[in-house]
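Throughout, read-outs are computed from the coordinates displayed, never taken from laboratory work. Since the model is a prediction, treat every value here as computed from it, not as a measurement. Cβ atoms come from the backbone with ideal geometry, glycine included; neighbour counts cover every protein chain shown.
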Amino acid sequence: MHDERYEKTAEASTTSRNGMNGMNGATSALLAALIFLVALNLRPAIAAVGPVLTRIGGDMGWGESVLGVLGAMPLWAFAVVSPLVRFVTARIGADRTILVALLVLAAGDATRSFGGPVGVWLGTVAVGAGIAAGNVLVPVIAKRDYADHVPMATGVYSACITTGSAVAGLTAAPLAAAFGGWRPALAIWAVPPLVVALLWLSRVIRERTTSMTESSATESSATADHRPDEGSAGEPAIESVVHVPADDRPLWCRPMTWYVTLFMGLQSAAFYTMSNWLPSVVTAVGFSDSVAGVHLFVFQSLGILSGLLIPTLMRARGNQICAAMTASVPMVVAGLGWMLLPRLSLLWSVIGGMGQGAALVVALTLISLRGRTAAETVALSGMAQSLGYLLASIGPLAFGTLAELSGGWAVPLVLFTALASLQCVIAVFAGRERV
């Protein structure tokens, strides 16, 4: 069952897109491409934390368990906020919701850095809330604006997400050293979302203008021509209706919904666990902080390449099983490598990085492909990301807790590898084509 208000908003959004396509082609392309700039801001505020996590712990007097909670908190915010995004979108529209999300993200970055101990927690929640809205809506807007190229558009904005994450992970430690602490190193990431929000405002204004113009044109057309004209060449008397076999059960009653949700959660658990803890694992075996930052950069940046390549496998054998497995197996290999041969961490960062980037694209594409309508895609995206990120929060939280309890990294890496193995199993079910 879909929210009737959202259905109307989705129709209005489609009308707005059609109107935008009727304008200057270059302007329309630039406005549509702004979604990729939004994607660039969906990870830096989180990815920048891992390389300075030990600095935060030392400054605040927090151990690995508390730091694990800090790493899991954005994912909890994702879980809480994601299902609420559809209601905000139904009231103010997708583009305006993105604008609000960017402003909340920027405010969270600033609060986390300069709000004291309480501000660290409140700012982290705000960061998570802003990113959650983007996580839900970026796939929907990309599907709407690039309807004929969904897998490729997914690969591009996923590459943007990975790029933002990789740059933040690489520069966090040097920025902390250059500016005298972790606070300014994290605060600097409040600037990009503000810049993108200013650019996005032009899209919001254009959408409103277009909607008002087309609404007036529609009313005039309805008044002038209200009779069916079977002889008209421009308006056929009989509309073409495509009947698509569909599962009419609610989303939460469909097995495919849960497979997609589990895949989303498990691949997110792998990414956020390593984004938070890989520098600590690497320094524990003797590498310096700067080298650890490079390993994290490799892990995150190689996802750009794999994210762009994996769409070629999305229709292999008529389903997404091949793509889902190709994205999942490398993380198992990397987990075993970090556990058994940690001195070869750079190699495992390469292998794991290729897997995590591809897995994100597969997860987001599955959401787009399994939703039949715009409203259902938003609902599925909200559910998959809400429950998926709740599951994902187990990763960084349990990793830190197990490290503190065991006094080392072997036990948490066993858990990491087990979750990656489970992802391979779920990949088979989630990759089956929807009937």
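What shape does the range 289-354 have by the C-alpha gyration tensor, where a ≥ b ≥ c are the square roots of the eigenvalues, rounded means a/c under 1.5, and otherwise prolate means a/b greater than b/c and oblate the rest?
Values: a/c = 4.98, a/b = 1.88, b/c = 2.64.
Judged from the Cα gyration tensor, the range 289-354 comes out oblate (a/c at least 1.5, b/c at or above a/b).
Each label point is 7 Å from the Cα along the Cα-to-Cβ direction; what then is the distance between the points at Val204 and Ala29, in nm?
So the two model labels end up 2.7 nm from each other.
For the range 86-221, what value does the Rg/Rh ratio take when both radii are computed over Cα atoms and Rh is the Kirkwood radius, given to two decimals? Before the final figure, lay out each step's value.
Numbers: Rg = 17.9 Å, Rh = 16.8 Å.
Answer for the range 86-221: 1.07.
Run the simple label-point estimate for Asp148 and Ala410 please: 7 Å along Cα→C-beta, distance reported in nm.
5.8 nm
Could you tell me the calculated FRET efficiency between Thr312 and Val118, based on Cβ-Cβ distance and R0 = 41 angstrom, to the nearest 0.05? Spell out each step's value before the answer.
On the way: r = 48 Å, r/R0 = 1.17.
FRET efficiency, Thr312 to Val118: 0.30.
Based on the inverse mean of 1/r over its pairs of different Cα atoms, what is the Kirkwood hydrodynamic radius of the range 327-377, in Å? Mind showing how you got there, number by number?
Working: mean 1/r = 0.0823 Å⁻¹.
Kirkwood radius, the range 327-377: 12.1 Å.
Provide the packing ranking of 257-265, 307-315, i.e. peptides ordered by the mean count of other C-beta atoms within 10 Å per residue, highest first.
Numbers: 257-265: 24.9, 307-315: 20.1.
With the highest mean Cβ count within 10 Å placed first, the list reads 257-265, 307-315.
With each label point set 7 Å from Cα along the Cα-Cβ vector, what nm distance links Val191 and Val285?
According to this spin-label approximation, the distance is 3.6 nm.
When the Cα atoms of the range 278-318 are enclosed in a convex hull and the volume is divided per residue, what value in Å³ results? Walk me through the numbers before you get to the answer.
Working: hull volume 2.7 nm³, N = 41.
Convex hull volume per residue, Cα atoms: 66 Å³.
Report Rg(Cα)/(2.2 N^0.38 Å) for the range 70-120, keeping two decimals.
On the way: Rg = 12.8 Å, N = 51, 2.2 N^0.38 = 9.8 Å.
Cα-based Rg divided by the globular estimate yields 1.31.
Please state the shape class of the range 136-211: rounded when a/c is under 1.5, otherwise prolate if a/b exceeds b/c and oblate if not, all from the C-alpha gyration tensor.
On the way: a/c = 4.62, a/b = 1.73, b/c = 2.67.
Oblate shape, in that a/c is at least 1.5 and b/c is the bigger or equal ratio.
Taking the range 241-382, how much of its Cα-Cα pair set, in percent, is spaced more than 21 angstrom apart?
On the way: 4869 of 10011 pairs.
In whole percent, the long-distance tail amounts to 49.
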